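Worksheet for the structure shown next.
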Amino acid sequence: MKRVLVAGATGYLGGFVARELKARGHFVRALARSAAKLGDIAVDEVVEAQVTRPDTLGAVCEGIDVAFSSIGITRQKDGLTFRDVDYQGNKNLLDVALRAGVGKFVYVSAFGARQLRYLDIVDAHEAFVDELAASEMDHTVLRPTGYFSDMGEVLEMARKGRVWLIGSGENRVNPIHGADLAAFCADAIDGDQRKIEVGGPETLSWREVAALAFRVLDRPARVSAVPEWLMWTVVRLVRLFNRHQGELLAFFTTMATTDVVAPPTGTRTLEAHYRELEAQERVP
């Protein structure tokens, strides 16, 4: 049994990781801004702290063997930037882990990130990866292709009657369910690989993802495409008024117009995920 700190336990992946580690018999300490946000996730200890405030971290890593972090920011809160959270927040946690003598740090970045550092969100992640590499701590960096939680946006568009794709829609992706990725993360705790790329069990084009969403809803497929050049024009305009939102849009545009396919793992399919979401939607 290992004593594991899960930073980001209230997020999509972090919650699955906490559950997976507990199921394997590990001691799990969750780091969260608010314990109430853990909901039904059962852990051994909860520490309320904010990685962007080093003074709150205290002894969060004392007695910990492995620190796991999937901390990152999407929606902007309190004026914080990608650099503030994805880089500096994780660096603050690494500094505390080093002082506490933690044996290993497992961190989740993104697939293909080394080639995408011109994007703020990616550069912040990779700047922290650089810090890990420069540290004396054993570590593993996981690079997943994308989460099923993000793919839910396509199903939501289909519910509204039309799915909008960027570019041709022929680029391919093999996203992964949080539970499958969590199992992979738990395996990495005991593994010796420094960098691992990972995706889900099936590869689909974005047009196939859209068709799947309509099939699950049992509706005729209505799919339209926005030219890639137009999306980049929108990105430039949004950046002028809101850098954070513009960078998010740039990231999603890049992912939608690039093949994002990594070695497959797991068993959960996107169709099963969509059917589960649809069943939840129908519950009164």
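Summary table below
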{"item": "The chain - accessible surface per residue (Å², probe 1.4 Å)", "result": "47"}
{"item": "Region 98-199: chymotrypsin sites (Phe, Trp or Tyr not before Pro) falling in loop per DSSP and having at most 10 other Cβ within 10 Å", "result": "TYR118"}
{"item": "Percent of C-alpha pairs per 5 Å bin, region 3-101, short to long", "result": "2, 14, 27, 26, 19, 9, 3, 0"}
{"item": "Candidates LEU212, LEU240, LEU13: whichever shows maximal mean-square fluctuation once the chain is modelled as a Gaussian network with Cα springs under 10 Å", "result": "LEU240"}
{"item": "Sparsely packed chymotrypsin sites (Phe, Trp or Tyr not before Pro) within region 213-284, loop by DSSP, other Cβ within 10 Å at most 16", "result": "none"}
{"item": "Relative contact order (percent, whole number), region 143-284, Cα cutoff 8 Å, 6+ residue spacing", "result": "38"}
{"item": "Partners for LYS195 among aspartates and glutamates (Cα-Cα distance below 15 Å; same-chain residues under 8 apart left out)", "result": "GLU126, ASP130, GLU131, ASP138, ASP187"}
{"item": "Radius 13 Å from Cβ of PRO144, net charge of other residues (Lys, Arg +1; Asp, Glu -1)", "result": "-1"}
{"item": "Cα centroid separation - region 230-284 against region 98-148, whole Å", "result": "21"}
{"item": "Residue-averaged 222 nm ellipticity for the chain, from DSSP H runs of 4+ at -39500 (n - 2.57), nearest 500", "result": "-13000 deg cm²/dmol"}
{"item": "Local electrostatic count at ASN171 - Lys and Arg +1, Asp and Glu -1, tallied over other residues with Cβ under 13 Å", "result": "-2"}
{"item": "Binned Cα-Cα distances of the chain, short to long, each 5 Å bin given as a whole percent", "result": "1, 5, 12, 15, 18, 17, 14, 10, 6, 2, 1, 0"}
{"item": "Nonlocal amide H pairs with HIS139, under 5 Å, H built at 1.01 Å", "result": "PHE105"}
{"item": "Gain upon complete extension [ALA225, ASP130; 0.36 nm per residue less C-alpha separation]", "result": "30.5 nm"}
{"item": "Equivalent-ellipsoid semi-axes of region 73-163, from the Cα gyration tensor, Å, largest first", "result": "30, 15, 13"}
{"item": "Carbon/sulfur fraction of accessible area - region 1-76, other protein chains in place, 1.4 Å, %", "result": "46"}
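The values are calculated or read from the model by the stated rules, or taken from the named source; none is laboratory data. Only a predicted model underlies this, so the values are computations on that prediction, with no experimental measurement involved. Counting neighbours? That spans all protein chains shown, and the Cβs are built from the backbone with ideal geometry, glycine included. Ligands, DNA and RNA are stripped out before the accessible areas are found, and what is left, the full protein with its side chains, is counted by its heavy atoms. Shrake-Rupley method; radii C 1.70, N 1.55, O 1.52, S 1.80 Å.
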